[in-house]
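These notes are about the structure you will find just below.
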Amino acid sequence: MISLMMTKKKQRKTINNRTFESKQKGPQVSGPFFRLSCIRKTLSVTGSAGVRQAVNDFDRRRFGICPAAERTGSEMKKGEVAQGIVKEVIFPNKGVAVTEEGQRVIVKNTIPGQKVSFLVNKIRKGKCEGRLLEVLEKSPIEMTDSACPHFGICGGCTYQNLNYEEQLKLKERQVRDLLLPVLAEAGKDFDVLFEGIKESPKQFGYRNKMEFSFGDTEKDGPLALGMHKRGSFYDIVNVESCQIIEEDYRCILKCVREFFTEKKISFYHKMRHEGYLRHLLVRKAAKTGEILIDLVTSTQTEGFDEAALLEEMKERILANSFDGKIVGILHTRNDSLADVIRDDGTDILYGQNYFYEELLGLQFKITPFSFFQTNSLGAEVLYETAREFIEDSLKEKAEKKRVVFDLYSGTGTIAQMLSPVADKVIGVEIVEEAVEAAKENALRNGLSNCEFLAGDVLKVIDDIEEKPDFIVLDPPRDGIHPKALEKIGGRMGVKDMIYISCKPTSLARDLECLQRYGYEVKRMCCVDMFPGTGHVESIVLLSHKSPDSIINVKVEFGDGEGKVPLDAIAERAKKCQPKPKVTYKMIQEYVEKKFGFKVHTAYIAEVKRSLGLTMYDAPNAVEELKQPRKHPPKEKVEVIKDALKYFEMI
């Protein structure tokens, strides 16, 4: 039952041992139906019902979820403390702990073989999740001591307690578990197509970008500057011995934290929206050694001289000795209420607002907020592999002009890597700043066959005159929008494409769709760009299926023996014409005309839901799902069913 609570009284709530005051403004809706409507609202923007169902089915296979009636042993209860052995870990860090009664519980931040205790904190639709309390017995594959002293407290890394060989095995197994059933549906053998996982050239100190947060480790504690505590939105852990960054980062981190502690400058409190210090962004090129530092703050400067403070900070940083070279110190203002780094204006305190990095002999200009792979040496392995996949495919088209589309091109890194093996490369990216950087980088590298366009991939590809021989897909973590996927896979007709993914779950979902559009996987491998963490890059080469054989049929139209009458063709085409889409408005008009009264769209939605009909194709259906369910009177159910029969929907 949905409960509506209206109050203007201040309420106090405790989150991670912190107490906050908040005012309730207007109605607060709670209850299972509201939560379900939120889920439906989220799914409604992800594409067609078929794609959503595929995602749901895929998640159930992935987690091994079974209905409660099928589970063995006693029922789990929320708040219960239990123990189990972790049998497997699902990407990226979801361990499947099995209790003595045989119940499967998802417990994050565990590894196979551990015996753990956990608190059951979520039970829904046969899926049980728990919060890790303690590792009772270590796994046989676990190291005695982790490489990083912050591991387990810091939320940055997942597998620092495994040696690198075991990390690679675990990631390969996770990718296999995700993609094997997807390929099997298309009659393909994962083990035949998969070419293994390639190591990162560096296991430690590989990051070229870090975003540190200001805060405190505990309520009213001293100023902290580092990473979020594992499982916490508020607490910050000092990470001056972090192992995935180089010594220059640690030196900058310590210097800045000590400076602002000495000056007694407050950090920005996320709940009260008060304070000055927000983030510290540090980027360092692996090849050139150039360092760019950006202090991100609010504009709340009461009680101190901001200009003098920033000048003194700059001098304090420059007084240190670094292996690399500081080329820029910046100050960015950010008054966003969200805990994100947003550029509301940036000032240069020292040097310049960019630095240069080199990959495979090409040079790239990188600004504070532009996208660039966070592991420069690993990126070379990734792009070399992609270029090898593409080069082998393009050799077959050597006799004609070879055009490559790089969709979601960012700053044009991949496009420029591919320029030697293509006659023309066209990159499409929605972020205009990234497009301008891509053009500048191509000019700097002397590449005349690269063109970059700003705009949404879904819209821009319709305006490009050239037709691609090859498409490179390197989308964001959440993958490709279903409408864009339909246009790319179902309409463009390109024979070959390559998909580079940093999230295997998104890749698995999109591969299911591409296979339905006639594409099949030819080659695939992984590159570990993120040692110590649960993430991995995947590269997949796809090719459109060719027909097994071609049959030529000669048909003559017209009147006479052996000819097909044109009238018969027209009549058959009329019969096969697709039915027009039935809208809620059409149903309402039918009911009003036949029965003389109106029916609400919510009633139509409820009847369709009860009959198992698709809800999302009708206008306003998503809006209706936000509201409490309306149960129509029996007489209106019957007239709505009559309308559905008239339109041949049931």
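So Leu514 ticks every box in (1) surrounded by 22 or more Cβ atoms within 10 Å (Cβ to Cβ); (2) touching a Ser or Thr at 6+ places or on another chain (Cβ under 9 Å); (3) over 30 Å from Glu165 (Cα atoms) but one. Which box is left unticked?
It is condition (2) that Leu514 fails.
For residues that are of a type in the set (A, V, I, L, M) and open to solvent by 20 Å² or more (accessible area, probe 1.4 Å), scanning just segment 299-325, find the one that is farthest from Gly345 (Cα to Cα). Give the derivation first.
Step one: filter segment 299-325 for residues of a type in the set (A, V, I, L, M), giving 307-310, 313, 317-319.
Next cut, open to solvent by 20 Å² or more (accessible area, probe 1.4 Å) only: 307-308, 318-319.
Details: Ala307: 15, Ala308: 19, Leu318: 23, Ala319: 26 Å.
For segment 299-325, the residue satisfying everything is Ala319.
Out of all the residues in segment 247-278, which are over 23 Å from Glu290 (Cα atoms) and basic (Lys, Arg)?
Lys263, Lys264, Lys270, Arg272, Arg278 - these are the residues of segment 247-278 that are over 23 Å from Glu290 (Cα atoms) and basic (Lys, Arg).
Is it the case that some residue within segment 325-340 is among the acidic types (Asp, Glu), without any contact (Cβ under 8 Å) to a residue 60 or more places away in the chain and more than 26 Å from Pro476 (Cβ to Cβ)? It would help to see each step written out before you state the result.
First pass over segment 325-340, keeping only residues among the acidic types (Asp, Glu): 335, 339.
Subsequent filtering for residues that are without any contact (Cβ under 8 Å) to a residue 60 or more places away in the chain retains 335.
Remaining after also requiring more than 26 Å from Pro476 (Cβ to Cβ): none.
No, segment 325-340 contains no residue that is among the acidic types (Asp, Glu), without any contact (Cβ under 8 Å) to a residue 60 or more places away in the chain and more than 26 Å from Pro476 (Cβ to Cβ).
Where residues in segment 367-389 are open to solvent by 50 Å² or more (accessible area, probe 1.4 Å) and touching a residue at least 12 places away in the same chain (Cβ under 8 Å), which of them is nearest to Ile471 (Cα to Cα)?
As a first pass, look at segment 367-389 and keep what is open to solvent by 50 Å² or more (accessible area, probe 1.4 Å): 369, 371, 384, 387-388.
From the residues that got through so far, the ones that are touching a residue at least 12 places away in the same chain (Cβ under 8 Å) too are 369, 371, 384, 387.
Details: Phe369: 26, Phe371: 20, Glu384: 17, Arg387: 12 Å.
Looking at residues that are open to solvent by 50 Å² or more (accessible area, probe 1.4 Å) and touching a residue at least 12 places away in the same chain (Cβ under 8 Å), I get Arg387.
Restricting to segment 265-314, name every residue that is of a type in the set (Lys, Arg) and either under 21 Å from Gln373 (Cβ atoms) or modelled with pLDDT of 95 or more (or both).
Narrowing segment 265-314 to residues of a type in the set (Lys, Arg): 270, 272, 278, 283-284, 287, 314.
Once the filter is applied, which keeps residues that are of a type in the set (Lys, Arg) and either under 21 Å from Gln373 (Cβ atoms) or modelled with pLDDT of 95 or more (or both), segment 265-314 yields Arg278, Arg283, Lys284, Lys287, Lys314.
List the helices (runs of 4 or more DSSP H) that sit entirely inside segment 566-650 and contain at least 1 residues that are open to solvent by less than 50 Å² (accessible area, probe 1.4 Å) and modelled with pLDDT under 80. Even if it seems obvious, please write down each step before you answer.
Values: elements: 566-575, 584-595, 601-610, 621-626, 634-646.
It comes to 621-626.
Which condition number does Phe364 fail, the rest of (1) crowded, with 21+ Cβ neighbours inside 10 Å; (2) within 24 Å of the chain's Cα centre (by Cα) being met?
Only one criterion in (1) crowded, with 21+ Cβ neighbours inside 10 Å; (2) within 24 Å of the chain's Cα centre (by Cα) is unmet by Phe364, namely (2).
Being touching an Asp or Glu at 6+ places or on another chain (Cβ under 9 Å), aliphatic (A, V, I, L, M) and either without any contact (Cβ under 8 Å) to a residue 12 or more places away in the chain or outside any strand (DSSP E or B) (or both) is the filter here; which residues of segment 397-417 pass it?
Ile414, Ala415, Met417
Under 8 Å between Cβ atoms, which residue pairs at least 6 apart in sequence (or on different chains) link something in segment 185-200 that is among the charged types (D, E, K, R) with a partner that is surrounded by 10 or more Cβ atoms within 10 Å (Cβ to Cβ) and in a loop (DSSP other than H, G, I, E, B)?
Sorted first by the residue in segment 185-200, then by its partner, the pairs are Lys198/Asp528; Glu199/Asp528.
Sort through Ala386, Ala379 and tell me the only one that's within 22 Å of the chain's Cα centre (by Cα), over 20 Å from Ile291 (Cα atoms) and small (Gly, Ala, Ser).
Numbers: Ala379 fails: over 20 Å from Ile291 (Cα atoms).
Going through Ala386, Ala379 in turn, the sole match is Ala386.
Among the residues in segment 263-270, are any surrounded by 21 or more Cβ atoms within 10 Å (Cβ to Cβ), of a type in the set (Lys, Arg), under 24 Å from Asp344 (Cα atoms) and touching a residue at least 40 places away in the same chain (Cβ under 8 Å)?
Residues of segment 263-270 that are surrounded by 21 or more Cβ atoms within 10 Å (Cβ to Cβ), as a first pass: 267-268.
This time we only want the ones that are of a type in the set (Lys, Arg), so: none.
Scanning segment 263-270, I find no residue that is surrounded by 21 or more Cβ atoms within 10 Å (Cβ to Cβ), of a type in the set (Lys, Arg), under 24 Å from Asp344 (Cα atoms) and touching a residue at least 40 places away in the same chain (Cβ under 8 Å), so the answer is no.
Show me the strands (runs of 3 or more DSSP E) entirely contained within segment 287-396 in which 3 or more residues are hydrophobic (A, V, I, L, M, F, W, C).
Numbers: elements: 290-297, 325-333, 346-351, 355-359, 362-366.
Output list reads 290-297, 325-333, 362-366.
Would you pick out the residues in segment 381-408 that are among the hydroxyl-bearing types (Ser, Thr, Tyr) and at pLDDT 90 or above?
Going through segment 381-408, the residues among the hydroxyl-bearing types (Ser, Thr, Tyr) turn out to be 383, 385, 393, 408.
Hits for segment 381-408 are Tyr383, Thr385, Tyr408.
Name the helices (runs of 4 or more DSSP H) wholly inside segment 453-546 in which the number of residues that are at pLDDT 90 or above, of a type in the set (D, E, K, R) and closer than 18 Å to Ala184 by Cα is 3 or more. Spell out the reasoning first.
Numbers: elements: 457-460, 482-486, 504-516.
Those helices (runs of 4 or more DSSP H) span 504-516.
Residue by residue through segment 221-241, note down the ones that are within 25 Å of the chain's Cα centre (by Cα) and either of a type in the set (Gly, Ala, Ser) or assigned to a loop (DSSP other than H, G, I, E, B) (or both).
Correct list: Gly226, Arg230, Gly231, Ser232, Phe233, Tyr234, Asp235.
Limited to segment 418-452, what total is found for residues that are within 24 Å of the chain's Cα centre (by Cα) and assigned to a helix (DSSP H, G or I)?
Going through segment 418-452 one residue at a time, the tally reaches 6.
Under 8 Å between Cβ atoms, which residue pairs at least 6 apart in sequence (or on different chains) link something in segment 552-579 that is without any contact (Cβ under 8 Å) to a residue 60 or more places away in the chain with a partner that is open to solvent by 100 Å² or more (accessible area, probe 1.4 Å) and part of a loop (DSSP other than H, G, I, E, B)?
Pro565/Asp559
May I ask you to list the residues in segment 247-286 that are touching a helix residue (DSSP H, G or I) at 6+ places or on another chain (Cβ under 9 Å) and assigned to a strand (DSSP E or B)?
Listed by number, the residues that qualify are Phe267, Leu277, Leu280, Val282, Lys284.
The values are calculated or read from the model by the stated rules, or taken from the named source; none is laboratory data. Since this is a predicted model, take the numbers as computed values, not measurements. FYI the Cβ positions are ideal-geometry reconstructions off the backbone, even for glycines, and counts take in every protein chain you see. When the accessible area is computed, the model is the full protein with side chains, heavy atoms only, and any ligands, DNA or RNA have been set aside. Shrake-Rupley method; radii C 1.70, N 1.55, O 1.52, S 1.80 Å.
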